[in-house]
Each structure stands twice: as structure tokens, then as C-alpha cells.
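As C-alpha cells, the structure follows; a few thoughts come after it.
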Amino acid sequence: MSEFRNSFGENVFRFKYAQGASDTWSKLSERLVDDVCGTRKGTTSALLSASDLKDLTQFIKEMKFIPGGRYLYYAGREYKAYNNCFLLRAEEDTREEWSAVTHRAMSCLMTGGGIGIDYSRLRASGKALSRTGGTASGPIPLMSAINEIGRNVMQGGSRRSAIYASLNWQHEDIPQFLTVKNWTDEVKAAKLKDFNSPAALDMTNISVNYDDASLGGYTKKDGKIVDNSLAENPVFQKNVRQALETGEPGFSFNFGDKQNETLRNACTEVTSEDDSDVCNLGSINLGNIVSLEEFKSVVSLAAKFLVCGTLRADLPYEKVYRVREKNRRLGLGLMGIHEWLLKRHSAYEVTPELHKWLAVYEQESKRAADEHCDRFFISRPVAYRAIAPTGSIGILAGTSTGIEPLFAVAYKRRFLTEGTKWKYQYVIDGTAQGLIEQYGVDPSRIESAIDLSENYEQRIKFQADIQDYVDMSISSTINLPAWGSKHNNEQNVARFTEVLAAYAPRLRGFTCYPDGSRGGQPLTSVPYEEALKHKDVIYDEIDVCEYTGHGGSCGV
């Protein structure tokens, strides 16, 4: 009997994580725990007790906790590049720093990690250069240079690069930044024909950084922002209009005591104010956990596992080691939330019961991590929780990814194999199939991201309600109807602006994806009956397609 819920999960395991034809998920689980928390590295003692090692291994075997994809890939390998992404900053506008940040970016990409870079400290284009008598080029050319490095460097030699770039809303180059990815019709046509055809920042996801100043004359109540004028901010208004049409730029919200945490990883769920900080990701699968008591145990051991990762992972250069020792960030996340709700016959909303579980997630992740750090007399983490998109590991577990609702009951999914070969497979969502088979649910009545695309406020509110329990951020992309359709057009921009502005103080970030806005999207909804006909068959992909928003990097 397969260890996976469906053949698609098994195929992802075989293509991305298995080490040889005889490898199994059970074997990977054992060597992973031994590598990260046991004695495999040649140490004289393990980092967890024998009973904890046994329980943690079982939780991973049962897919109740799945570490980030880099943990899975490097388990048992000589080099321990367990970390998914690195957070960088262009710290000053000098020739030396341009060279240095390029070196840091390439070093991180070549070890298998994605990168995010905040360029806000660079001078605007056209500013005088006192030493040379020339003029500054501004940050966008450096973004473009990093983008081209990503085009030609396979992360860790095995997958396409994932890159993120951000710029403060008050930067003088914001007008160009907002529209830098408005590709011409000719470029779009070339992309549709060959997704590898180059385009401006096509390897890079971009966002605008918003701080307290962007809120204008806001007021606070009980320490929380309750009134703001963000909806009247011209940059924010243009940003919303751009996002509704093209999906980019996204929004990075950094308010109050988080104003300096403008650095993000490629998928934006991990935040920091320190250059060369690092992601450390793992996700708890709510869909496989029955009781609150068991959930508490899984959270505890998952948090301790990530602490162990900070002691065992190899890093690309010395500064990352120093920043990791200082911050020791843990990115313990969740997935399978929508499955958890569906099993309780709940709509896509944070129910009173889910609030109780989230409170345990918040409290136990901190308690267990601090306890484990104290045991080894090391610094406690400055942050504990971040929810990654969990694309690939969500498929491994056959559950809903991150906080997302089921994308669709049935869809066509494209994926990368052997570093450069693209294939696609018709997939019936495992959770949906279970409901159909066990309870006779009509496939057309299962709530999905496609169904919710016309009710964006429900999605935004759900993210805000989860964010209340997360001390870093959440990577979540809200699906929207195509630009120019009934529910996404010029007449809807003002209302969307008001809604997003109202929730912004409770969010750390926001991205949306209007259907068809970028060529080669990885998931395409198809009728249930069509997917049923082609189920379990893998096809070669001729037109190369890639994750637009996530790049197969963060926690996946």
C-alpha cells in the first residue's frame, strides 16, 4: 500500500526528494530525524531524547509534520543546506555594495536557497554621483542584474531560482517600479510560446514596502491601528490597480514595532531587519491531526526540530552564521487548514474551535523552542511562526496548502523534474476526492479558491484572522477573476482599495493572482470528469511553465 494519498504525491516524492529507486518516505523520515536531531553527523550525543526522536520520526512518517523541502532534499547528503531562503538588503549605494550583494545573492542561490532583497536604501535614478561625476542608475538595474543571475543559476544545481525584490513606497523610483513588469503584447506572446523567453524581472516577484508613514493620519486603540488613510495614499491606489490587472507588485506591510522588518524571503513569509538572515521552515499538517492534545505534541516536537536545524544546517557564508546565532528564527507553519475545516463541515472561516487550536500553536511553539534553546544554553529565537505556501510538501501530504482553500476540485498541474524537464499531470484534489468517495459529496458543491475568487474579502479576512497568531508573516496568494471580467475591472478598484486598506494593519503582506495574468501558470482548473479520464498519467510539457508567485522554493 502506498505511503501517499495519491499518485501525484508519490510522483513528487520520486522526482524531487527520493535518493534512489528503493527510497521510501519512511526511510527519508528516519534519516532526516537522525541527520537533524540524532547522531548521524558524528556527534557524541543526540539533540533530542530517545523518546522524542521516536515520536518525531513517527509524526513525519504519518505526515503530521513535514519539514521544508530543503530539509527533505538534503537529508542524508554530505552538505546540509536545510534552509529554503535567505533575506538580503542592499545596504548602501556604493560600487562595493553592488558587488557584495551580487556575491551574497549568487552564494545563496547556488546552495539551493531562494533570495529576497530590499533595495530601498539605493539612490534614485538620476541622482548625482560625487566621486565619479556621473549619475546613479537607481535600484531597478541591480534588480535586473540579479534577475539574470537567477535565470542562469539553478538553485543548488537542481531547480530554477526564486527571487523577491522590494522597494519602499516613498522611494523616488516607485513610479517605474510599479510598472516595471507591464510587459508588451510582443513579450507576452513570446512568453506564451516559450516560458523561458526573457522579460523584465520575470524571475523575480516584487512588492512595495508600506510603513506607518503610508497610513497617514491614523489613530490607535488599545495599541492597535483602528483608523488610517492608506486608501487615500496615491502609491497604494496605483499599487492596487496594478495588482488587480497583473498580480504585481504585491504588498509588504510593516507597521509599528515591525517597521524595520522589511526584508523578506522569496515567498515573503519570513521577515527580518538584518541582512543575511535565513529561513528555517517546517509545517504542521492539520488535516492529519485529530485531537488538540496530539496537536500540542506535534507543535512541541516540530519547534524543537527547527531549533536543532539551527545547530546542524550548513550556510553559504560567514555572515549568515552570525545572524542566525543572533536571531535563530523559526518558521513553524501550518497546512491542511481547509481540509481540517471541511472535515468539520465548516466553511472557509476561522471558527471558534480553530481559534483554540491556533492559540495552542502560538503558545506551544514558543514554549517548546525556548525550553530546547535553554537546554543547550543558546540564544532564544526572536520569532517562531511563519506560514509558507507549502506547494510540494502539501502535495506530498495530499492536503490543502498553507492557509489556502482547495485550489479546485480538479486541475492540471505542471512540475519540474531532473532540474530542467517539465511535465504535467491531471490531478483530482486528494481532500476533495476523499469527501466525494466517503460522503458522496457533489464535486460541484465543494468550496474552492476558484469559487472564492469573487469574494476577496472573505479570503483577506481569513488571512488576517490567522495572522493574529503568527509573529512573522503568511505566504498566501488570493485568486481573482481575470482583469476586465465582471468581478475584476476598473469599477471594482476603489472598493478593493478600501477593503485591503482596512485589513492592512492586521496583515504582514498581500498578493493576488488575476486568472491568466501571467503566461504559464502552474495550476489550471479543469472539470472533475476530465481529470478522472486522465488520472495517474504523466505527460511531457512542451511549453515550459513555472510557479509565478512561489518559484518552488519556500517551504515547498
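The one condition from (1) open to solvent by 30 Å² or more (accessible area, probe 1.4 Å); (2) assigned to a strand (DSSP E or B) that residue 454 does not meet is (2).
If you check 346, 283 for being of a type outside the set (Asp, Glu) and either surrounded by fewer than 23 Cβ atoms within 10 Å (Cβ to Cβ) or closer than 30 Å to residue 235 by Cα (or both), only one passes: 346. Kindly list, by first and then second residue, each pair from a residue in the range 214-239 that is more than 11 Å from residue 504 (Cβ to Cβ) and among the basic types (Lys, Arg) to a residue that is at pLDDT below 95 and open to solvent by 40 Å² or more (accessible area, probe 1.4 Å), limited to pairs with Cβ atoms under 7 Å and residues at least 6 apart or on different chains. Close Cβ pairs satisfying both conditions: 220/226. Taking the condition open to solvent by 10 Å² or more (accessible area, probe 1.4 Å) and closer than 25 Å to residue 265 by Cβ, does residue 180 pass? So residue 180 fits the description; yes.
If we keep just the residues of the range 213-223 that are out of contact with any helix residue (DSSP H, G or I) (no Cβ under 7 Å at 6 or more places or on another chain) and not hydroxyl-bearing (Ser, Thr, Tyr), which is nearest to residue 170 (Cα to Cα)? This residue is 213. Cβ-Cβ contacts under 6 Å between residues 6 or more apart (or on different chains), taken from a first residue in the range 482-498 that is under 14 Å from residue 512 (Cβ atoms) to a second residue that is part of a loop (DSSP other than H, G, I, E, B), are listed as 482/515; 482/516; 487/454; 487/481; 488/481. Hey, any hits in the range 186-194 for a residue that's under 23 Å from the mean Cα position of the chain (by Cα), surrounded by 15 or more Cβ atoms within 10 Å (Cβ to Cβ) and not polar (S, T, N, Q)? No.
The values are calculated or read from the model by the stated rules, or taken from the named source; none is laboratory data. What you are looking at is a predicted structure, and each value in this text was computed from that prediction instead of being measured. Quick reminder, even Gly has a Cβ in these numbers, built from the backbone with ideal geometry, and neighbours come from all protein chains shown. Accessible surface is based on the protein model in full, side chains and every heavy atom, while ligands, DNA and RNA are left aside. Shrake-Rupley method; radii C 1.70, N 1.55, O 1.52, S 1.80 Å.
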